[in-house]
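See structure below.
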Amino acid sequence: MSGRALTLATANPNKVVELQQLLGDGWVIARRPSDLADTIEDRDTLAGNALKKAHEVSAHARSLAVADDTGLFVDALDGRPGVWTARYAGPAATAEDNVAKLLVELAGVTGARGAHFATVIAAVWPDGTEVVVEGRVDGVIADERRGEGGFGYDPVFVPVEGDGRSFAEMAAEEKNRISHRGRAIQALLDRLA
């Protein structure tokens, strides 16, 4: 796959780094065009948002575009924040704001704090061809932030398959091996191979 090119639809610098690590050296990766306005994520599913972003970027850049949308689904909150994960505490919310709101909402919950992350990745070519894949990881929400790494909800998400550490307490390579985004990228690479 050496030299294959794609344009990332995300403007999130943390996701850019993570996606570059996950895709590996076989790809020539361009960042989201700076002259393209942000995509309004107004779909009611992760797949809908990922496809919308990928189509906009592919049409603008005239290249294969890869977009993702990720949701954190918390059992005790009936699946919230779900598709609203990035904007859980409001449209201009920071990751800190979102985590704070989540912890407040779960403050009275004892016992069952199960959750899962899901990432949907859409790849769209200029001719409109689409590939959509998903990755998932199950876990629990910690009572407080733990660790300095990662981004978003990583300080409070403890994967079931791990050793009790949050994603933010893991090295990037450890997290990528079991993460929702890592699994989705692997599924995409399998489909593109």
_Neighbours by Cβ (under 6 Å, 6+ apart or cross-chain): first from region 176-192, over 17 Å from Gly139 (Cα atoms); second assigned to a helix (DSSP H, G or I)_ = Ile185/Leu22
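Please go through region 22-59 and pick out each residue that is closer than 16 Å to Ser179 by Cβ and surrounded by 15 or more Cβ atoms within 10 Å (Cβ to Cβ). Can you show your working first?
Here is the first cut: in region 22-59, the ones closer than 16 Å to Ser179 by Cβ are 22-24, 46.
Of everything in region 22-59, those that are closer than 16 Å to Ser179 by Cβ and surrounded by 15 or more Cβ atoms within 10 Å (Cβ to Cβ) turn out to be Leu22, Leu23, Leu46.
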_Among (1) free of Cβ contacts under 8 Å to residues at least 60 places away in the same chain; (2) in contact with a helix residue (DSSP H, G or I) (Cβ under 9 Å, 6 or more places away or on another chain), there is one condition Lys52 misses while meeting the rest; what is its number?_
(2)
*Every residue from region 60-93 that is over 30 Å from Asp127 (Cα atoms), part of a helix (DSSP H, G or I) and not small (Gly, Ala, Ser)*: Asp75, Leu77, Thr85, Arg87
*Given Val137, Val160, which one is open to solvent by 10 Å² or more (accessible area, probe 1.4 Å), over 21 Å from Gly48 (Cβ atoms) and of a type outside the set (Asp, Glu)?*
Val160
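Quick test for you: out of Thr85, Thr70, pick the one residue that is β-branched (Val, Ile, Thr), buried (at least 16 other Cβ atoms within 10 Å of the Cβ) and within 24 Å of Leu6 (Cα to Cα).
Thr70
Against the condition more than 18 Å from Asn12 (Cβ to Cβ), of a type outside the set (Val, Ile, Thr) and in contact (Cβ under 8 Å) with a residue 24 or more places away in the chain, how does Leu36 come out, does it pass? Give the derivation first.
Values: more than 18 Å from Asn12 (Cβ to Cβ): no; of a type outside the set (Val, Ile, Thr): yes; in contact (Cβ under 8 Å) with a residue 24 or more places away in the chain: yes.
Judged against the criteria, Leu36 is not a match.
The values are calculated or read from the model by the stated rules, or taken from the named source; none is laboratory data. These numbers were taken from a predicted model, which means no experiment stands behind them. For neighbour counting, all protein chains shown are included, and Cβ atoms are generated from backbone atoms with ideal geometry for every residue, glycine included. Surface areas here come from the heavy atoms of the whole protein model, side chains and all, with no ligands, DNA or RNA. Shrake-Rupley method; radii C 1.70, N 1.55, O 1.52, S 1.80 Å.
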